[in-house]
1. Taking 0.36 nm per residue of sequence separation and subtracting the Cα-Cα distance, how much length would be gained by fully extending the chain between Trp84 and Tyr62, in nm to one decimal?
2. Compute the length gained on full extension between Tyr148 and Ser6: take 0.36 nm times their separation in residues and subtract their Cα-Cα distance, giving the result in nm to one decimal.
3. Using 0.36 nm times the number of residues separating Glu75 and Glu110, minus their current alpha carbon distance, what extension gain do you get?
4. When only Cα pairs under 8 Å and 6 or more residues apart are kept, what is the percent relative contact order across the stretch 7-151?
5. Would you report the distance distribution of C-alpha pairs in the chain as whole percents per 5 angstrom bin, up to the bin with the largest distance?
6. Using the alpha-carbon centroid of each, what span in Å lies between the stretch 96-122 and the stretch 49-67?
7. Working from Cα positions, state the angle (0 to 90°, nearest 10) between the long axis of helix 108-121 and the longest principal axis of the chain.
8. To the nearest 10 degrees, how steeply does helix 68-77 sit against the main Cα axis of the chain, on a 0 to 90 scale?
Amino acid sequence: MKKFTSWKKRFKIWLYNFYPPYVGAGIRIKEIAPDFSYFRSEMNLRFYNKNYVGVHFGGSLYSMCDPFFMLILLERLGSDYIVWDKAGNMIFVKPGMGKVIAEFQIPDSEIQRIKEEIEVKKKGDYLFTTDVKNEAGEVIAKLEKTVYIRKRGKLPVQNT
């Protein structure tokens, strides 16, 4: 992976890793593409992120996934767009123990498709998915995130 040349981008990475909820849960951002098209987060099982039965706490698993599709879209679409997380759903497939990993990526073709749709529809909800895996590559949780996107500026008034 390329090194970041912009101090602003390096500072953003530093901020992501020192975001208090991430520090408290032991979540680390391990990789970010220079163009912000890809993020990878990891979390080791520790005494402070275990649940009652000794496996990864579901809230921490969700937290390690929460903002990344929105962050990718904010960075890739640019300041002409408003991007909000709208909904999220996590299905727990099997207990998470040890290190867990989540990867987030939105291809250029999808970014272009979103821009073209928003140009016509002015706004929309978009669904993104990823899996949380253990070190063996087994899926322990499945995430679905719905993200609301629209162009900045006033939307036309719709009479109903």
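1. 6.2 nm
2. 48.3 nm
3. Length gained, Glu75 through Glu110: 11.2 nm.
4. Values: 256 pairs, mean separation 35.1, N = 145.
Relative contact order here is 24 percent.
5. The calculated distribution, bin by bin, is 2, 8, 17, 19, 18, 15, 10, 6, 3, 2, 0, 0.
6. When both Cα centres are located, 23 Å separates them.
7. Around 40 degrees separate the two axes.
8. The two axes meet at around 30 degrees.
Every read-out reported here was derived from the displayed coordinates using simple, explicitly stated rules and does not represent laboratory data. Since the structure is predicted, the reported quantities are computational estimates derived from the model, not experimental observations. Here the Cβ is made from the backbone with ideal geometry for all residues, glycine too, and neighbour counts use every protein chain on show.
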